[in-house]
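Participant: The structure follows.
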Amino acid sequence: MFPSSPIEEYVFEGHSFYLKRDDLLHLDFSGNKARKFHYFLQNKFPHITKLISYGSAQSNAMYSLSVLSKMRGWKFEYFVEHMAEYLRENPHGNYAGALANGMKLTIGSIESANNEDNILTIEEGGRQKESEYGIKVLAQEIVEWQIKNSVDELNIFLPSGTGTTALYLQKHLSNCSVYTCPCVGDEHYLKKQFIELEENLNYHPTILTLDKKHHFGKLYPENYKIWLKLQQQIGVEFDLLYDPLGWRVLLAHSELFSKPLLYIHQGGVLGNESMLPRYERKYKDINKD
Ligand SMILES: *Cc1c(COP(=O)(O)O)cnc(C)c1O
């Protein structure tokens, strides 16, 4: 379905690393959501006419599900608990993209969905077993690259939301160490997510954190600074929700660079349309050095 995404080599803050460009995987899918929803593109669902899911009105998963539904000819209804008035009146980013793909947004619980029997329900953020299918393909691409380039030992880093991507990646890369950090909840939340998907602790990635608490979606000058620096030093745009924390955690654990390190770019750049103006308004005089 997807051609293998490239792996490129860069230097950031004096550290050499490899970058898996899953942001380039597909024009319309958002990075790791293309991996997670691969299963639903690849298999037949003859009776399904409608897909439903839930989460935040700006999520990358929502946008990718609107792409999936459009490709499969399914209706798509998405449930949010609440929605900022500004976004409703000025659709942009993932929300605007999903609307353009025909999404119907409902404010309310997914339990209130019409009980038609031809519905496919997808969990928030794709936190479900079917995601393993596409993430295994990602793991296989990495193994092939390792063989081709004689990279035997490898550390892998990627920031987590639900932890689904990091978990299945570690499960299918038994010769690599996968490291991740929680961006949405804390360490305990992430651990719980791993266990719900996979009881075998040997398959769990290693969780790294910073000492300070971090709130998802909140604006931090440190996050904006490192995001700008990445752009300046390597010329790649990262997402503003997960990657800035990911990079801060990784740089705080620089022992990971003692082996070749592969960072997974999980896409999500369309979401920057809502985050970037917020950062620019709040920190317009930020020191970009
Ligand atoms: C969804 C997403 C994540 C989190 O992925 P999980 O599998 O939920 O951990 C990280 N980065 C980006 C850019 C995403 O869109």
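The values are calculated or read from the model by the stated rules, or taken from the named source; none is laboratory data. Everything quoted here is computed from the prediction, not taken from an experiment. Cβ placement follows ideal geometry from the backbone for every residue including glycine, while neighbour counts extend to all protein chains displayed.
Participant: Of the numbered conditions (1) within 15 Å of the ligand (Cβ to nearest atom); (2) over 14 Å from Ala34 (Cβ atoms); (3) in contact (Cβ under 8 Å) with a residue 40 or more places away in the chain; (4) among the β-branched types (Val, Ile, Thr), Ile135 fails exactly one; give the number of that condition.
Facilitator: Evaluating Ile135 over (1) within 15 Å of the ligand (Cβ to nearest atom); (2) over 14 Å from Ala34 (Cβ atoms); (3) in contact (Cβ under 8 Å) with a residue 40 or more places away in the chain; (4) among the β-branched types (Val, Ile, Thr) leaves (2) as the failure.
Participant: While we're here: Determine if segment 237-248 includes at least one residue that is in a helix (DSSP H, G or I), within 14 Å of the ligand (Cβ to nearest atom), free of Cβ contacts under 8 Å to residues at least 60 places away in the same chain and in contact with a His (Cβ under 7 Å, 6 or more places away or on another chain).
Facilitator: no
Participant: Does any residue of segment 208-226 turn out to be within 15 Å of the ligand (Cβ to nearest atom), under 29 Å from Gln140 (Cα atoms) and in a helix (DSSP H, G or I)?
Facilitator: No; the residues of segment 208-226 include none that is within 15 Å of the ligand (Cβ to nearest atom), under 29 Å from Gln140 (Cα atoms) and in a helix (DSSP H, G or I).
Participant: So which residues in segment 20-33 are crowded, with 21+ Cβ neighbours inside 10 Å and part of a strand (DSSP E or B), if there are any at all?
Facilitator: Lys20, the sole residue that qualifies.
Participant: Restricting to segment 20-61, what's the tally of residues that are hydrophobic (A, V, I, L, M, F, W, C) and more than 20 Å from His265 (Cβ to Cβ)?
Facilitator: First, the residues of segment 20-61 that are hydrophobic (A, V, I, L, M, F, W, C): 24-25, 27, 29, 34, 37, 40-41, 45, 48, 51-52, 57, 61.
Right, trim to more than 20 Å from His265 (Cβ to Cβ) and you get 40-41, 45, 48, 51-52, 57.
Number satisfying all stated conditions: 7.
Participant: Could you please tell me which pairs satisfy a Cβ distance under 6 Å, a separation of 6+ or placement on different chains, a first residue in segment 145-174 that is in contact (Cβ under 8 Å) with a residue 60 or more places away in the chain and closer than 12 Å to Glu198 by Cβ, and a second residue that is part of a loop (DSSP other than H, G, I, E, B) and within 16 Å of the ligand (Cβ to nearest atom)?
Facilitator: Thr164/Arg127
Participant: Can you tell me which condition Thr180 does not meet? The list is (1) part of a helix (DSSP H, G or I); (2) polar (S, T, N, Q); (3) within 11 Å of the ligand (Cβ to nearest atom), and all the others hold.
Facilitator: (1)
Let's see how each residue does on (1) without any contact (Cβ under 8 Å) to a residue 24 or more places away in the chain; (2) touching a Pro at 6+ places or on another chain (Cβ under 7 Å); (3) closer than 30 Å to Ser150 by Cα:
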site	(1), (2), (3)
Ser177	no, no, yes
Lys192	yes, no, no
Tyr203	no, no, yes
Leu208	no, no, yes
Lys213	no, no, no
Leu250	no, no, yes
Asn272	no, no, no
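Participant: Criterion first (away from the ligand (no atom under 16 Å from the Cβ), more than 18 Å from Arg278 (Cβ to Cβ), out of contact with any strand residue (DSSP E or B) (no Cβ under 7 Å at 6 or more places or on another chain) and modelled with pLDDT of 95 or more) does Lys104 satisfy it?
Facilitator: Answer is no for this residue.
Conditions (1) touching an Asp or Glu at 6+ places or on another chain (Cβ under 7 Å); (2) under 25 Å from His47 (Cα atoms), marked per residue:
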residue: Glu81; (1), (2): no, no
residue: Leu99; (1), (2): no, yes
residue: Lys104; (1), (2): yes, yes
residue: Leu120; (1), (2): no, yes
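Participant: Here's something else I'd like to know. Quick test of your reading of the structure: Glu111 fulfils all but one of (1) charged (D, E, K, R); (2) closer than 18 Å to Val67 by Cβ; (3) more than 16 Å from the chain's Cα centre (by Cα). Name the failing condition by number.
Facilitator: Every condition holds for Glu111 apart from (2).
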